[in-house]
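Undergrad: I'd like to ask some things about the structure below.
Every number in this text was worked out from the coordinates using simple rules, so none of it is lab data. As the structure is a computational prediction, the values presented were derived from the model and not from experiment. When we count neighbours, we look across all protein chains shown, and the Cβ atoms used for this are built from the backbone with ideal geometry, even at glycine.
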Amino acid sequence: MITIGRVHELRAICDDARAQGKRVGFVPTMGYFHAGHRSLMHEARAQADFVVVSLFVNPLQFAPTEDLAGYPRDLAGDAVVCEEAGVDVLFVPAVEEMYPRPICTTVHVDGLTEGLCGKSRPTHFDGVTTVVAKLFSMVGPCQAFFGRKDAQQVAVVRRMAQDLDLPVEVVGCPLVREADGLAMSSRNSYLDPDERRAATVLSRALHEAAAAITAGERAPDAVHRVLAGLIATEPKVELDYAEVVDAGDLTPVTIIAGEVLVAVAARVGKARLIDNMTVSVNGANVEVDLGVVARESEG
């Protein structure tokens, strides 16, 4: 593995890989790697010939009141993870490299960014799409791997790539959970032991909602009550939202049918955590995707 920090280096090395007939796999990250990140690297390694991981804590996607300065960082540890996962290139640019002058151009995806996390973080997704568009431009034609824990982000980035005819296939990969069900997130490191225990209510609520839908519940309001009611039993957890939306365009649904996304977000101590599941409903047939539990060797 080589580590680089300049845009021209990244472009050149990816162009060279493609010139050799290699398929490029790209994993954009903000670092502080856990088993969820490792699963993305492993999937990229399985599908592509040349794997690039970017590590950049993007200031554009943090509001002034959010945790940019305190976001967890461990470059040395992250480099080891990349080496072990068989990554070819780790791209670690400075802020000045990504934004050498005040940025005047941003990328906005209408509609998909307005609900769910977009309600409480109205500037977040413009920051995400702007930096991802820049990274896609630098890497060039590739497969890009994103975790479905950030389901709204996957939908937004996929739509951006389609609308702008970017030569990138956006691949959504399974949400990865701890053994107790908590969705893996770098922000889990903010939680003290009591908060960590309380945070598992999010996945427990999704399991309860899945059971209700499997038993025949098709009213989104009823599923919302199941989610909100269980989450309310944990005083350390402050619910931001619990919603049932169309899995494709993220619009609210009036009846649970086809493929829907059941998503929750909550504040637990200093951390804002998100979790979700995808549910496919075809008559009485219900299929639930709650993600996967990390293998012990990946934890």
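Undergrad: Obtain the nm distance between the two label points defined at Ala76 and Ala219 by a simple spin-label model: each point lies 7 Å from its Cα along the Cα-to-C-beta direction.
TA: Between Ala76 and Ala219, the simple spin-label model gives 5.8 nm.
Undergrad: What's the local net charge at Gly172, with K and R +1, D and E -1, over the other residues with C-beta under 9 Å away?
TA: Charge balance near Gly172 sits at +2.
Undergrad: Work out from phi, with θ = phi - 60° and the Karplus expression 6.51 cos²θ - 1.76 cosθ + 1.60, the ³J(HN,Hα) of each residue of the stretch 96-105, listed in order in whole Hz, and give x for Gly and Pro.
TA: 5, 6, 6, 10, x, 8, x, 7, 9, 10
Undergrad: A further question follows. For Val107, list long-range residues whose amide hydrogen, built 1.01 Å from N in the peptide plane, is under 5 Å from its own amide hydrogen.
TA: Thr130
Undergrad: By how many degrees, 0 to 90 and rounded to 10, does the Cα axis of helix 7-19 deviate from the longest principal axis of the chain?
TA: 90 degrees
Undergrad: Once the piece of chain linking Thr105 and Arg267 is laid out straight, how much longer is it, given 0.36 nm per residue of separation minus the C-alpha distance between them?
TA: 55.2 nm
Undergrad: Which FRET efficiency value, to the nearest 0.05, do you get for Thr65 and Arg6 by plugging their Cβ-Cβ distance into 1/(1 + (r/R0)^6) with R0 = 30 Å?
TA: 0.40
Undergrad: Next up: How much of the DSSP bridge set in the chain is antiparallel, in percent, rounded to the nearest 5?
TA: 55 percent
Undergrad: Can you give the local net charge around Leu60? Use residues other than it whose beta-carbon is closer than 13 angstrom to its beta-carbon, Lys and Arg +1, Asp and Glu -1.
TA: 0
Undergrad: What lysines does Lys236 reach when the alpha-carbon gap must be under 23 Å and sequence neighbours fewer than 8 apart in one chain are set aside?
TA: Output for Lys236: Lys119, Lys149, Lys270.
Undergrad: What angle do you read, to the nearest 10 degrees and between 0 and 90, between the alpha-carbon axis of helix 75-84 and the longest principal axis of the chain?
TA: Taking the Cα atoms of the chain, the angle to 75-84 is about 90 degrees.
Undergrad: Between Asp194 and Lys119, what length in nm is gained on full extension when 0.36 nm per residue of separation is reduced by their alpha carbon distance?
TA: 24.2 nm
Undergrad: According to the square roots a ≥ b ≥ c of the eigenvalues of the Cα gyration tensor, what is the shape class of the stretch 2-173, taking rounded for a/c under 1.5, prolate for a/b larger than b/c otherwise, and oblate for the remainder?
TA: Here the stretch 2-173 falls in the rounded category.
Undergrad: Near Tyr190, within a Cβ-to-Cβ distance under 10 Å, what is the net charge of the other residues, with Lys and Arg +1 and Asp and Glu -1?
TA: +1
Undergrad: Please work out whether the stretch 88-161 counts as rounded, prolate or oblate from its C-alpha gyration tensor, where a ≥ b ≥ c are the square roots of the eigenvalues and a/c under 1.5 means rounded, while otherwise a/b larger than b/c means prolate and anything else oblate?
TA: It comes out oblate by the Cα gyration axes.
Undergrad: In deg cm²/dmol and to the nearest 500, what is the mean residue ellipticity at 222 nm of the chain if only DSSP H runs of at least 4 residues count, each as -39500 (n - 2.57), divided by the residue total?
TA: Estimated from H runs of four or more residues: -10500 deg cm²/dmol.
Undergrad: How long, wide and thick is the chain, going by the Cα atoms along their three principal axes, in whole angstroms, largest first?
TA: Principal-axis extents of the Cα atoms in the chain, largest first: 54, 41, 40 Å.
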